[in-house]
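Worksheet for the structure shown next.
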Amino acid sequence: MRRLVAAGALAFVAAACVGPSFREPNPEAPADWRPTPAVADTLRPFYDSLRAHRDTEPLEPAAPAPSSDTTREMPARVQDTTANLAWFDLLIDPELRKLVETSLRENRDLKVAVAAVLEFRAQLASTRGNFFPQITGNGVAGRTKTTFGSLGAFTFNQIQLTANLSWELDVWGRIRRATEAARADLLGQEENQRAVVLSLVGSVASAYLQLRQLDLQLEISRRTLDANRETLRLARRRFSEGVISELDVRQFESEVASPAASVAQFEGQIVQAEDQLSVLVGRNPAGIPRGRVLPEVLGSLKLPEFLPSSVLERRPDVRLAKAQLHAAVARIGAAEANLFPTFTVVGDYGTYSPNTSGLFKSRSEIYQILGEVSVPIFTGGVVGKQVDVARARADQARYGYQQAVLTALREVEDGFAGVRSTRNQVAAQQTQVDALRRALTLAQRRYESGLSSYLDLLDAQRSLFSAELSLAQAQGAEATAAVTLYQALGGGWPVVPGDTLPVDRPPPPR
């Protein structure tokens, strides 16, 4: 028996695992990124000139950002997963930072992801425990009466205490492959937690920027409403003096309604945006404190001059797909191991006596040790088909990984295109607003001096209002595009020498 155990242990140590070993997949990323379209290259100097030269009045000066201490402690489990997120270097806003930190502590979806990691960590420990002997303790106590033919009946007490042993020798690597798969599952869940963090930060930032855009549009609508009401007051006074007709007054009255309707619309949307953001940070719907105005946020926007060559390795969704592929490949070996004999060592050791005083004596010692071999002969195809199932799932995971890589490449391309296009749009819209603002000033002066009709003034007011709303929308789109690019790059862009590829089409610096 000792020789049998020694031989089994030697086979356990020396045998190789059945099934294919996991090999690092090749993401097949392009050597370079798609070049800038020819039209964009042609128009780039034009957009640069729009940003560089201002010959008209600028927008209202931005208010100074409030100072605030934003140093907060975050839970250790979450802090570990956010250490590489260069988020606060992207958009510098104290209130946004507070909201992000609160969401990392309180968001329920993130708490679910953290709990899932703990679950898979325990599952790994449970699977790895099959490497070791399984020992259980048993106790039996009772009184027995039995009859032996003509010898008569006998009554006796029995007390038995034993420890039972069961140890499967992992000759073919079934347990090792199962443990490898469980470890890959744990890594996948950790990447899923990082993906939840990345998505959460992006959602909070996008919702906050949308809120700041609505605030800006509401401020524009209120300012336009006040200006139009003042123009209406002036028109009524001139009508009372007989300078203009009633038709002019009615036209000015109708013009007041448009910004008034916009004020009501934006006020309702702001409440909805605040409620959405409250849920993201794990709070009941309530008001949200504001930080910097949207133009200031754009002024602090920092974008990479180079694109990290490790962008696919940084994205948690790609790493999750790779971990799922690793787990699926390992489970092929675990399934194939069931086709081979199973070697198990079983036994028990204990003490037996009719009374407690006789326990643990040398004469009461009982034991047995056995070596078992279980050979699958006919299973109706159950075991063999499980191997086919494992291989099919590995193929699914492989295609899923390839799709995750393609999606990552597309999102990076879309992110850079979105930032570039929205930045150019803001430059064009800003130029239009500056020109229309100056045109409104001239129209007011000409109308007051009687050199032009009220139609010229109404048209100037209407055009400026529409252009300012469009500019606010474009500014919000630019900030949101930066957040989208941040997510596409896997959480930020670290400054690591030798880890970058030149990008010939990043948006020009502001």
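Listing for the model above:
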item: For the range 324-379, alpha-carbon Rg over 2.2 N^0.38 Å; result: 2.04
item: Residues whose placed amide H lies under 5 Å from that of I244, excluding near-sequence neighbours; result: F239
item: Set of lysines near K98 by C-alpha distance (under 27 Å), chain-local residues within fewer than 8 positions excluded; result: K111, K302
item: Distance between the range 259-284 and the range 430-449 - C-alpha centres, whole angstrom; result: 32 Å
item: Sites S470 and N26, calculated FRET efficiency, Cβ-Cβ separation with R0 51 Å, nearest 0.05; result: 0.65
item: Integer Hz, Karplus 6.51/-1.76/1.60 couplings in order for the range 424-430, x for Gly and Pro; result: 5, 5, 4, 4, 5, 5, 5
item: For the range 180-195, Karplus couplings with θ = phi - 60° (6.51, -1.76, 1.60), whole Hz, Gly/Pro x; result: 4, 5, 5, 5, 5, 4, 5, 4, x, 5, 5, 5, 5, 4, 5, 5
item: Whole-Hz couplings from phi, Karplus 6.51/-1.76/1.60, listed for the range 478-486; x for Gly and Pro; result: 5, 5, 5, 5, 5, 5, 4, 5, 4
item: Proximal charge balance of E448 [Cβ under 15 Å; K/R count +1, D/E count -1]; result: +2
item: Neighbourhood charge, 13 Å Cβ-Cβ cut-off, centred on I159 and excluding it, Lys, Arg +1 and Asp, Glu -1; result: +2
item: Cross-link reach list, lysines versus K385, counting only Cα pairs under 21 Å and skipping chain neighbours closer than eight places; result: none
item: Rounded to the nearest 20 debye, dipole of the range 202-272 from Cβ charges on Lys, Arg, Asp, Glu; result: 100 debye
item: Sites matching chymotrypsin sites (Phe, Trp or Tyr not before Pro) across the range 106-154 that sit in DSSP coil, with at most 13 neighbouring C-beta atoms within 10 Å; result: F148
item: Eligible lysines near K361 by straight Cα distance, threshold 28 Å, same-chain separation 8 or greater; result: K145
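We did not get these values from a lab; they are worked out from the coordinates using the rules stated. Note that the structure is a prediction, hence the values are computed from the model and not measured. Cβ atoms come from the backbone with ideal geometry, glycine included; neighbour counts cover every protein chain shown.
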